[in-house]
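See structure below.
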Amino acid sequence: MHIKKKDLKKGIIQLIPENADDIYLLSLIIKPEDIVYAKTTRRIRRTSQDSVRPDEGRRETFTLGIKVEKVELIGMSEAIRIQGIIVEGPEDKIDLYSHHTLTIVPREQITIQKEKWEKNDLERLEEAVQASKKAPLIIMALDSDEATIALVNNYSTRYVSNFSPSLTRKSSSVNEYEEDIKQFWSYLTNYLLQLKKEYEPDLIVIAGPGFWKNDFIEYAIKRAPELKPIIMDVSASTGSKTGITEVLSRGLPAKVAEERRASYESELVKEVLKRLGKNLGTIAYGWEEVEKAATYGAVEHLLVLDRLFMDPTTREKVEKIIKLVKNSGGKITIMSSLHDTGKTIEGLTGIIALLRFSLN
């Protein structure tokens, strides 16, 4: 998430969602009665002086502000559809107070205006901003002539380095050449360790042709065993930016992000089922039990099904419990109903609390 402007006195935050996670977050933050400004396309029909019938018109793009009535998530967080009444826009092209639907997708700027921003929503935005600075995926394309490294955050890619080995093949002996290569690989391994420490990636992809990438991976793992669990090798034709592009074209970043989220939610559900099985009293589910636990400051981790935010009635109840959990230092995770784990959560009323201590 990239925040371009924030004026809380006027209740305005201008931002750019960068990926599916940001879109999902906005579907929870944008609420009825908010005003959302975004570019939209609308067919403009005109009536000529010679005819009372309007022509078919043409589609034009401009910015509209609508007062929100309904927010709907589309697909796997691909976009959100915001329905409401137009309150601002070019009056020569639209009818004020008529209905319109905005479709919000990644990398397009929107402005949200609220009467008052809730602390919880501001914290969620800040977490998204910080998350965008992380790099869950590092890709290094490698061949005999160069190595190119990029940091990938879902849909954004940042090239950080390009290296070439210091060697002169024609004038060097075989031993000198191999020594130069080992020094080059040593430098690359240390650089990957530095990036791992700074960005905490879920996966480091080593891409390249043939034996070059395989030999380097073998060297790097032997030199730094801590890299082994997160290294993955894939084929690429070159160690340049083209090699990075080949990896990205296979949709790997989106797959990694989805698998990471699904894996995380799966581990949480396993913990829920484990605690239920042991019957130790360190789990609560259902509105009454969870609110009671939150009131006592006993909630260590609150799990909430995303659908509960779609209904204004349940949303208000969830927001109240979330505030209690936040105030006592608890963690909150919104569980996706699009994953299989969401069905388990839904079967347990949609709201579950992992407790620090038993209330019995």
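Length available on full extension from Val87 to Met232: 0.36 nm per residue minus the Cα-Cα distance, which gives 47.1 nm. The ranking of Glu300, Glu179 by Cβ neighbour count inside 10 Å, starting from the fewest, reads Glu179, Glu300.
Ordered by the count of other Cβ atoms within 10 Å of each Cβ, fewest first, Met310, Met140 give Met310, Met140. Considering only C-alpha atoms, what is the centroid distance from the range 179-247 to the range 6-47, in Å? Computed from Cα coordinates, the inter-centre distance equals 40 Å.
Model label points for Arg356 and Tyr159, set 7 angstrom from Cα along the Cα-to-Cβ axis, are 5.0 nm apart. The sum of -39500 (n - 2.57) across all DSSP H runs of n ≥ 4, divided by the residue count of the chain, sets its helix-only mean residue ellipticity at 222 nm to -12000 deg cm²/dmol. Among Ser240, Ser161, a tally of other beta-carbon atoms within 10 Å of each Cβ gives an order, fewest to most, of Ser161, Ser240. The calculated FRET efficiency for Arg250 paired with Arg43, based on their beta-carbon distance and R0 = 51 Å, is about 0.85. Here the range 137-250 carries DSSP beta bridges of which approximately 55% are antiparallel, counting only pairs with both residues inside. Fully extending the segment from Lys5 to His99 would add 31.1 nm, taking 0.36 nm per residue of separation and subtracting the current Cα-Cα distance. Taking every DSSP bridge with both residues inside the chain, close to 80 percent are antiparallel. Approximating the spin labels as points 7 Å out from Cα along Cα→Cβ, the Glu60-to-Gln109 distance works out to 2.1 nm. Simple spin-label estimate for Met310 and Phe211 gives 5.6 nm between the two label positions (7 Å along the Cα-to-Cβ direction from each Cα). Checking the table Lys6/Lys67; Lys119/Lys255; Lys116/Lys270; Lys119/Lys343; Lys197/Lys320; Lys9/Lys67 against a 26 Å threshold on Cα-Cα, which pairs fail? Violating the 26 Å limit, Cα to Cα: Lys119/Lys255; Lys116/Lys270; Lys119/Lys343; Lys197/Lys320.
Quick one: if you take sqrt(5λ) for each eigenvalue of the C-alpha gyration tensor of the chain, what semi-axes come out, biggest first, whole angstrom?
Output for the chain: semi-axes of 44, 34, 16 Å.
A Förster radius of 45 Å, combined with the Cβ-Cβ distance separating Ile16 from Ser173, puts the computed FRET efficiency at roughly 0.25. Suppose R0 equals 22 Å; then what is the FRET efficiency for Glu288 and Lys67 from their Cβ-Cβ distance, rounded to the nearest 0.05? My answer for the efficiency is 0.05.
Given the C-alpha centroids of the range 63-110 and the range 270-348, what is the distance between them in whole angstrom? About 31 Å separates the Cα centre of the range 63-110 from the one of the range 270-348.
Computed from the coordinates by the stated procedures, all read-outs in this text should not be read as laboratory data. Treat the numbers as computed from the prediction; the structure is a model and nothing was measured. Neighbour counts are summed over all protein chains in view; Cβ atoms, including those assigned to glycine, are modelled from backbone coordinates with ideal geometry.
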